[in-house]
Amino acid sequence: MNRAMWILLIALALAPLSTWLGTAAINWTARAVGRSPLPQLACFVAGCANVGALVVLVLVLRPAGSAPRELLAGVVFIAAYGFCVNFLNWFVFTVTETSMHAHLLVEIGHEGEITRAELDRKYNKTTIIAARIPRLLELGQLRLEGGRLYLAGSWVLESALALRVLRRLLGIPPRPPQEHPAPS
């Protein structure tokens, strides 16, 4: 294997880390200048920059003896791989926020129009918990004993704590803002 191929393999191996570091840099830079970046946008920009860098690297290195068709196939492969890395980065750090946003949009879309009071009634902590607890029990992630809920395994908690640490490193709040009672 020639030197160009080794460089490409190393770049591909480092792509997940560089995408994550890019996302972290965007978030921390934005917060340092007093802005609050959208996590989805930070992930997207970092991922696109990483994919672009990989494609440029393939074109610049152009492995010796590669025909235009082989080079095009390499670019398509690199772009597909970069998309997968970007999606994983996005999924890990924004899925909870995106899930909440999508659910709200679906609720509004089903109704065509809805008042804030109706939306609050249909989509609130009580309805969310009522929908999720039975699913978590059915999946075996929780167990119910004597009217109390318990984690059914430590991996759920450990995964949640790991994601919380990673979100904090990225400069994304580890929890969505808590509801505050409306002033009377």
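The values are calculated or read from the model by the stated rules, or taken from the named source; none is laboratory data. This structure is a prediction, so every number in the text was calculated from the model and none was measured. Here the Cβ is made from the backbone with ideal geometry for all residues, glycine too, and neighbour counts use every protein chain on show. Accessible surface is based on the protein model in full, side chains and every heavy atom, while ligands, DNA and RNA are left aside. Shrake-Rupley method; radii C 1.70, N 1.55, O 1.52, S 1.80 Å.
Computed extension gain for W155 through Q141, at 0.36 nm per residue and net of the alpha carbon distance, reaches 4.1 nm. Backbone amide hydrogens, once placed in the peptide plane, bring I114 within less than 5 Å of nothing, excluding anything fewer than 5 places away on its chain. Here r is the Cβ-Cβ distance between V60 and L88 and R0 is 25 Å; the resulting FRET efficiency, rounded to 0.05, is 0.45. For Rg and Dmax of the Cα atoms in Å, the value calculated from this model appears in [x] 22.0, 75; [y] 18.6, 64; [z] 16.4, 54 under label [x]. Per residue, the solvent-accessible area of the chain (1.4 Å probe, heavy atoms of protein chains only, all protein chains present) comes to 70 Å². Were the residues from T29 through T126 laid out at 0.36 nm apart, the gain over their Cα-Cα distance would be 31.2 nm. The orientation-averaged shadow of the Cα convex hull for segment 1-72, equal to a quarter of the hull surface, comes to 5.5 nm². Across segment 1-151, C-alpha contacts under 8 Å between residues 6 or more apart give a mean separation that, scaled by the residue count, equals a relative contact order of 21 percent. For the chain, the share of accessible area belonging to carbon and sulfur comes to 69 percent (1.4 Å probe, ligands and nucleic acids excluded). Toward the positive end of the charge dipole of segment 21-132, with +1 on the Cβ of Lys and Arg and -1 on the Cβ of Asp and Glu, the farthest Cα among A30, I108, Y123 is that of A30. Scaling against 2.2 N^0.38 Å puts the C-alpha radius of gyration of segment 1-40 at 1.68.
Membrane-span-like helices in the chain (whole DSSP H runs, Cα extent of at least 27 Å along the helix axis, mean Kyte-Doolittle hydropathy of at least 1.6): 39-61.
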